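What follows is a single structure, written as structure tokens, with notes after it.
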Amino acid sequence: MEKDKKLYNEHDLGYKHILSHKKNFIDFLRSFVKKEWVDLIEEENLILIDKEFIQEDFKEEEADIVYKVNIDGKDIIFYVLLELQSRVDFRMPIRLLMYMTEIWRDELKNTEENIKKRKKYRLPVIVPIVLYNGKNRWTAVRSFKEILNGYELFEENVVDFKYLLFDVNRMDKEELLKIANVVSSVFLLDQDVEIEEIIKRLKLIGRIIRSNATKEQEKSFRSWLLNIFKNRFEGDKRDNIYKLLTEVSEMEVDDMVSNLGRKLEEEFKHREKKGIQRGIQRGIQQGIQQGKKEMVKNLLLLGVDIEKIIKASELSKEDVEKIKREMN
């Protein structure tokens, strides 16, 4: 359990590293948020808030990213909750409200009293975003009012908001390839697919990084690949991925990705060949054992002495006696 928590925590930090790069965050918004206001955001106006609002109870399960941007003279806050675990948390709207309230409390705490008292003073809008990569489909309610018992009676008189949800494993592969940036590349490699599919994607992603990423973005992607990508595998496979990553780590990022795909393919074929060979050998051994078993049966039917059968078949006395019992 502790190991799983550690892996999810590393994964959270990997996404946090990617999205803490302003160009990646802008690309994320422009590629995945289908809202007109996205076009109003300029990269130079984005400010990454170096502060976490995660409650102590959830520090092992998630991470968050907070950005502030000024649009037309108004401060806007983007709150991104990285929900990178296998299960759906149905308390999500409640937790988001708590985090949003903490952000507003922090904002009030750091605003001068004379400004807060002005009639025109406004708290910044908070846009809550949830990034989820679990295997199960997200089924928690999206609107806060839906977790309130009896909200239908009061409608506009109850607190409400709706968060933006991005469910990585339900994203379309072809759409992600069409988007063709660092964030979509990370999503492609993070989806729950077989190793053969990962190999195919790595070959395509090398070209994406070469064509569309800045040097800083390449650096952030390299870091994610080296430190986080291996964690999606288990056991010997994970150790082999780490070994292959080490071998290609000094290359340019696009070559690194392409070569990783090629080396993974070679490793996979080698393992597949060894598996087939082991299967053939196992089959031969099973055939030999079956042949010996039939021979023992025939010799027993002929009344041959057990000691002679043992010598002829090269089986143990226990095995011969077991075959004899099965015949009775």
Here are the criteria: (1) out of contact with any helix residue (DSSP H, G or I) (no Cβ under 8 Å at 6 or more places or on another chain); (2) β-branched (Val, Ile, Thr); (3) outside any helix (DSSP H, G or I); (4) at pLDDT 90 or above. Tell me which single one Ile115 does not satisfy. (3)
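Residue by residue, here is whether (1) of a type in the set (Ser, Thr, Tyr); (2) at pLDDT 90 or above; (3) in the same structural domain as Ser211 (by TED's automatic domain parsing) holds:
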position: Val141; (1), (2), (3): no, yes, no
position: Gly150; (1), (2), (3): no, yes, no
position: Leu153; (1), (2), (3): no, yes, no
position: Asn157; (1), (2), (3): no, yes, no
position: Tyr163; (1), (2), (3): yes, yes, no
position: Asn181; (1), (2), (3): no, yes, yes
position: Asp190; (1), (2), (3): no, no, yes
Residues in the stretch 141-194 that are in a strand (DSSP E or B) and over 21 Å from the mean Cα position of the chain (by Cα) total 2
First in the stretch 149-165 and under 30 Å from Val38 (Cβ atoms), second anywhere and surrounded by 13 or more Cβ atoms within 10 Å (Cβ to Cβ) and among the β-branched types (Val, Ile, Thr), Cβ under 6 Å, 6 or more apart: Tyr151/Val158; Tyr163/Val130; Leu164/Ile129; Leu165/Val130
With the condition kept exactly as written, say whether any residue in the stretch 197-220 is more than 21 Å from His21 (Cα to Cα), in a helix (DSSP H, G or I), touching a Lys or Arg at 6+ places or on another chain (Cβ under 7 Å) and not assigned by TED's automatic domain parsing to the domain that holds Lys22. no
Could you tell me which residue of the stretch 157-190 is farthest from Gln217 (Cα to Cα), considering only residues that are surrounded by fewer than 18 Cβ atoms within 10 Å (Cβ to Cβ) and of a type in the set (S, T, N, Q)? Asn157
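Among the residues of the stretch 292-328, how many are outside any helix (DSSP H, G or I) and of a type in the set (S, T, N, Q)?
Pass one, the stretch 292-328, residues outside any helix (DSSP H, G or I): 302-305, 314-316, 328.
With of a type in the set (S, T, N, Q) added as a condition, the list becomes 316, 328.
Number of matching residues: 2.
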What number of residues in the stretch 118-134 are touching a Phe, Trp or Tyr at 6+ places or on another chain (Cβ under 9 Å) and not β-branched (Val, Ile, Thr)? 6
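Would you mind stating whether Leu202 is farther than 16 Å from Asn24 by Cα and either touching a residue at least 40 places away in the same chain (Cβ under 8 Å) or surrounded by 13 or more Cβ atoms within 10 Å (Cβ to Cβ) (or both)?
Yes: the conditions hold for Leu202.
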Can you tell me which condition Arg137 does not meet? The list is (1) part of a loop (DSSP other than H, G, I, E, B); (2) under 21 Å from the mean Cα position of the chain (by Cα); (3) farther than 30 Å from Leu204 by Cα, and all the others hold. (3)
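The values are calculated or read from the model by the stated rules, or taken from the named source; none is laboratory data. All values reported here derive from a predicted model rather than from experimental measurement. Virtual Cβ from ideal backbone geometry, glycine too; neighbours counted across all protein chains shown.
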